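This report concerns only the one structure given below.
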Amino acid sequence: MIPFKEGGGSDTWGRFNATFFSRYLPGQPTVIVRNVPGGNSIAGSNRFAARARPNGLSVLGTSASTQFPYLLQDPRVNYEYRDWQVLMASGAGGVAYVSSDLGVANVAELGSVIDKQLLYGSQGPTSLDLVPVLGFKLLGLNVRPIFGMSGRGAGRLAFERGEVNIDYQTTTAYLRNVVPLIDQGNAVPLFSWGALNDSGELIRDPTFPDLPHFAEAYEILHGEKPSGLGWESWFSFFTAGFPAMKLLVAPKETPIEIVQAYQHAVTAMKQDPEYITRKPAALGTYEQVTGPAAQRLYELATDVPQQARNWIRQWLRDQFQVNIEV
Amino acid sequence: MLGLAVGAFPGLGGIAGLSIMMPFLYGMDTVSALATLVGLVAVIPTSDTFTSVLMGIPGSSASQATVLDGFPLAQKGEASRALAAAFSASLIGGIVGAIILTLFIQIARPLILTFGSAELFMLALLGLSMVGVLSGGSLIKGISACGLGLILGSIGAAPATGEFRMTFGIDYLYDGLPLVIVGIGLFAFPEITELLRKNRPIAAGGLLKGNWFEGVRDVFRNWFLCLRCAGIGTLIGAIPGLGGSVVDWIAYGHAVQTSKDKTQFGKGDIRGVLAPESANNAKEGGGLVPTLLFGIPGSGAMAVFLGGMVLLGIEAGPAMVSTNLDLTYTIIWSLALANVIGAGSCLFLARPISRLTAIPFNLLAPFMIMVVSFAAFQATRQFMDLIALVGLGMLGVALKRFGWSRPAFLIGFVLAPQAEGYLNLAVQFYSWNMFTRPGVLIILGITAISVWFSSRGRGRNTENITLPVEGLSGTAQTSVKTPQILFLMGLITTLSYALWSSLQLSPLGQMFPFGIALGTMSLCLYQLVTLKIGPTDNPANFDLEHQVESKSDPTRGSILSNAGWFAVLIAITGLVGFQLGVLFFFIGFLKLKARQNWRMTIALSVAAILLISSLANFLIVELPTGLLSQYVDLPWLLGRI
């Protein structure tokens with residue numbers, strides 16, 4: 001089950017993997033992607049939580065949009081990640097860029113526009129866009145988010161129209177649609193959000209080795225390493241949103257043999273030549289992981305310190321008058 | 001071919017078809033896989049014309065305007081003419097669209113980028129201005145209907161802030177009501193209940209006249225109209241964010257505005273079929289532009305198309321007009337080719353299929369009720385879909401009865417999210433300065449011209465010139481006003497609630513629903529006053545039912561008892577699931593209502609259940625499940641898939 005509409009990023013992710021699960025799960029079962037959209041994935045996930053049986057026949061693919069309301073304790077959420085277990089996890093990255101009209105060539109030069117109000121097209125204060133919006137704030141930029149973009153694509157279109165002048169895109173969309181803008185001289189890349197290494201530290205995104213990651217950008221602008229509650233909260237939500245963006249889960253009571261069958265299928269499909277050739281275009285360059293590696297991401301993505309949660313909720317209230325009732 | 005079959009079945013639409021095909025795309029080479037994808041997108045707005053014309057069921061948002069004149073033509077027995085005209089128009093629309101695109105695609109990118117959020121908001125307003133031609137006898141009533149549609153369309157998450165409005169805490173309403181269900185509820189539901197009551201074939205007297213060739217000739221007679229509408233379709237379809245949902249209405253409005261003799265619109269004017277049909281196929285071509293050039297899909301079908309492209313490893317973006325230009329032209333022209341094949345084969349099917357309209361309605365009705373429920377359920381695949389269908393159906397019956405223009409209502413509903421979303425963005429970006437942008441002023445000018453065209457003649461001789469969308473007002477004026485007044489008061493109460501609930505929101509989320517609710521409510525109050533103290537012949541006075549009720553015929557049954565058959569199917573479905581529900585419903589309906597013998601009853605019931613079960617099992621379409629399936633594992637054919 002994919003709790004999003006047909007045709008979106010999660011749907012594409014689900015359909016791509018479904019083909020290979022059909023091939024590598026024992027008995028080559030027919031794997032159907034069932035889209036149950038609603039409430040930005042809350043409705044479908046609630047339904048899965050209420051109905052799915054621990055028999056491995058139905059599994060749920062969640063995304064950062066599913067994880068964030070859970071982490072913020074949105075009252076509409078009736079699902080509990082602790083009642084589920086992870087079968088597969090995969091991440092994504094993103095790159096922030098600005099319009100070349102600002103006359104900025106890299107992060108270090110951002111200081112010259114620090115007093116200028118920049119506009120960013122956001123999908124909403126509590127969406128995945130809270131990571132970039134908070135990130136810009138931590139960097140000390142004066143960025144006003146414009147709410148109501150129907151997706152990251154709409155934000156990019158607004159950038160191309162010149163309605164906003166700072167934006168970010170996830171890796172695949174960035175490579176496809178922003179790199180041409182950079183080549184034409186209309187956009188300037190600033191930094192990537194970064195990636196996590198095996199011990200959970202922020203490192204440069206392997207797809208963009210030449211761009212500084214977020215913490216480096218912070219250091220360039222402020223002259224010191226990021227610290228404090230704001231930074232820790234940002235890091236928690238960044239982890240839940242990017243390195244562990246997509247999670248494939250099943251009810252916790254699912255027997256171990258079934259879980260192992262899924263894990264074997266993930267390992268096996270990564271050897272499939274068709275998977276290897278098609279994956280970069282369909283899903284981007286990030287590895288899909290299973291077993292302990294997936295478990296580690298799962299914990300990072302679904303558990304943030306209470307302090308960070310409270311800090312973010314307070315920040316949302318102060319900045320955008322968003323009250324998440326309990 | 002598969003696309004055709006899928007498209008002809010209402011509610012499946014493009015998205016289901018594409019989803020079904022998705023697994024087979026692997027293993028095909030890129031070009032043929034693309035052609036398959038394109039073929040599915042292309043033929044859907046063609047083949048869903050069948051149900052729009054024959055049954056008054058809009059199969060997808062693309063064919064909603066076709067219902068307006070197509071269904072009355074079928075009722076006159078001219079179904080095959082209407083279908084032939086529609087398909088020939090589709091064919092021409094598709095080809096013209098491809099030609100325009102071929103020339104236009106190179107310069108499309110900078111052109112599209114000139115449309116900012118303020119311009120897009122203005123385009124939504126232009127769409128709304130079509131209400132002017134679709135209002136029927138009373139302009140105020142038409143505008144109020146549109147306002148109601150806008151309010152209904154703003155249920156769910158606010159586009160800018162994500163706040164939930166008027167959801168009553170029901171999960172189902174988070175994303176608002178599905179368009180398909182609103183379309184079916186407003187148009188198909190009232191027609192079906194009406195026909196049930198009259199119990200006659202769709203074509204009056206069961207006579208089929210008007211021939212197939214006539215329909216093809218209609219296209220040539222109105223070739224310039226088709227050409228213009230195809231152009232409108234391509235261009236509006238190419239603007240990202242507005243999507244195709246308004247194209248057919250704009251084309252329809254355009255046809256009405258530019259026609260000298262408007263008396264037949266809404267009663268079966270062939271131009272009312274030609275205009276939306278030539279536009280909606282061209283629109284799919286236009287929709288390719290934002291999808292290919294920006295990776296931003298304009299419609300649900302395009303979203304899936306884009307998903308398919310991603311799976312095939314083709315990257316939408318600026319490269320599509322430079323390094324991959326050959327691929328782009330392949331896509332455009334396979335779209336045109338698919339249109340020719342699709343429309344061509346539909347053209348041959350038009351004659352035999354239009355015979356359906358001669359079948360006594362008591363035999364056709366259970367199939368239609370089944371198909372309509374099935375289509376509604378495909379909207380979000382929740383049981384609430386079916387409940388929403390009955391609720392909106394009753395609203396449709398009331399709107400029809402009291403002469404509230406349902407097309408105006410639907411336009412409001414369709415455009416609500418776009419109008420609100422772009423208004424919010426435009427206000428954040430430009431505030432009042434948006435009215436200094438040249439693009440905004442140009443579109444404002446076009447809107448003014450369009451309003452002027454449609455108001456031309458209104459007021460001089462209302463009866464003859466305005467479009468009698470819901471029947472002629474003169475025949476329905478009545479001295480018994482109580483039902484109308486009650487309905488109006490119900491609306492006012494609802495609007496007060498909308499007004500009150502919008503006050504709880506943040507300024508950005510509140511702006512749109514508050515303004516619309518306030519405006520609509522004052523119009524409704526004005527009508528209430530004119531209805532109370534005004535003369536009987538004022539245009540607000542309208543009640544189709546008063547005559548029927550005064551000479552009521554006990555054998556026909558009221559609207560309520562006929563609408564009850566929908567409720568019966570849905571209630572049984574809730575208990576035992578759709579397949580068994582259909583079985584019981586068919587037996588019940590055919591014995592009790594249609595009074596058929598057992599042989600006929602069983603034959604039809606078995607046919608129905610086979611149709612539904614094979615859809616479920618071979619095309620992997622989900623059906624509603626009932627309480628029963630939670631306790632018992634049902635066998636293969638009846639159980640969950």
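Can you give the log10 of the normalised intensity I(q)/I(0) at q = 0.09, 0.10, 0.14, 0.15 Å⁻¹, computed with Debye over equal Cα scatterers of the stretch B:129-287? The Debye formula, applied to the Cα set alone, gives -0.41, -0.51, -0.96, -1.07.
Label-to-label distance for A:GLN28 and A:ALA50 is 3.8 nm, based on points extended 7 Å past Cα in the beta-carbon direction.
Placing unit charges on each Cβ (+1 for Lys and Arg, -1 for Asp and Glu) gives the protein assembly as shown a dipole about its Cα centre, and among B:GLY626, A:GLY56, A:PHE159 the Cα reaching farthest toward its positive end belongs to B:GLY626. For chain A, compute Rh as the Kirkwood radius over C-alpha pairs and then the Stokes-Einstein diffusion coefficient at 37 °C and 0.692 mPa s; write the answer in µm²/s, rounded to an integer. So the translational diffusion coefficient is about 161 µm²/s. Sparsely packed loop sites in the stretch B:235-289 (the trypsin sites (Lys or Arg not before Pro) outside DSSP H, G, I, E and B with at most 15 other Cβ atoms within 10 Å) comprise B:LYS260. For the stretch B:434-451, 3J(HN,Hα) computed residue by residue from phi via the Karplus equation (6.51, -1.76, 1.60; θ = phi - 60°) reads 4, 7, 9, 7, x, x, 4, 5, 4, 5, 4, x, 4, 4, 4, 4, 5, 5 Hz, glycine and proline entered as x.
For the residue pairs A:LYS137/B:LYS283; A:LYS5/B:LYS400; A:LYS137/A:LYS279; A:LYS116/A:LYS246; B:LYS76/B:LYS593; B:LYS267/B:LYS593, alpha carbon separations beyond 31 Å are given by A:LYS137/B:LYS283; A:LYS5/B:LYS400; A:LYS137/A:LYS279; A:LYS116/A:LYS246. The aspartates and glutamates whose alpha-carbon is closer than 18 Å to the alpha-carbon of A:LYS270, local same-chain residues fewer than 8 away aside, are A:GLU287. Taking the centroid of alpha carbons for each part, the stretch A:3-27 and the stretch A:287-310 are 22 Å apart.
Once you have a ≥ b ≥ c as the square roots of the Cα gyration tensor eigenvalues for the stretch A:94-240, tell me rounded if a/c is under 1.5, and otherwise prolate or oblate according to whether a/b is larger than b/c.
Working: a/c = 1.31, a/b = 1.29, b/c = 1.01.
Rounded shape, in that the Cα axes give a/c under 1.5.
Between A:ASP83 and A:GLU287, the distance separating the two model label sites (each 7 Å from Cα on the Cα→Cβ line) works out to 3.3 nm.
With R₀ fixed at 22 Å, the C-beta to C-beta distance from B:ARG355 to B:PHE584 puts the FRET efficiency at about 0.15. Summed over qualifying helices (DSSP H, 4 residues or more, each -39500 (n - 2.57)) and divided by its residue number, the protein assembly as shown shows a 222 nm mean residue ellipticity of -19000 deg cm²/dmol. Per the Kirkwood formula applied to alpha carbons, the stretch B:560-631 shows a radius of gyration over Rh ratio, Rg over Rh, of 1.00. Between the listed residues A:TYR120, A:GLY7, B:VAL451, the Cα displaced farthest toward the positive end of the dipole of the protein assembly as shown, a dipole computed from Cβ unit charges relative to the Cα centre, is found at B:VAL451. Taking every C-alpha pair closer than 8 Å and separated by at least 6 residues, the mean separation divided by the residue count of chain A gives a relative contact order of 28 percent.
Need one value for A:14-24: mean number of C-beta atoms belonging to other chains within 10 Å of its residues' C-beta atoms.
If you average over the peptide's residues, the count of other-chain Cβ atoms is 2.
If R₀ is 60 angstrom, what is the calculated FRET efficiency for the pair A:GLN321 and A:THR277, using the beta carbon separation as r and rounding to 0.05? Between A:GLN321 and A:THR277 the formula returns 0.80. For the options A:GLY140, A:GLY284, A:GLY223, a Gaussian network treatment of chain A with springs between C-alpha atoms closer than 10 Å singles out A:GLY223 as fluctuating the most.
Within the stretch B:142-202, the chymotrypsin sites (Phe, Trp or Tyr not before Pro) that combine a DSSP coil assignment with at most 14 other C-beta atoms in a 10 angstrom radius are B:PHE168. Full extension of the chain between B:LEU575 and B:ASN433 yields a length gain of 45.4 nm, computed as 0.36 nm times the residue separation minus the alpha carbon distance.
On a per residue basis, the convex hull of the C-alpha atoms belonging to the protein assembly as shown measures out at 156 Å³. Considering chain A as a Gaussian network with a 10 Å cut-off on Cα pairs, which listed residue, A:THR290, A:THR267, A:THR302, attains the greatest mean-square fluctuation? Maximum among the listed residues: A:THR267.
Laboratory data are not the source of any read-out in this text; all were calculated from the coordinates shown. From a predicted model like this one, the values you see are computed outputs, not experimental measurements. Every residue, glycine as well, gets a Cβ built from its backbone with ideal geometry; the counts of neighbours run over all protein chains shown.
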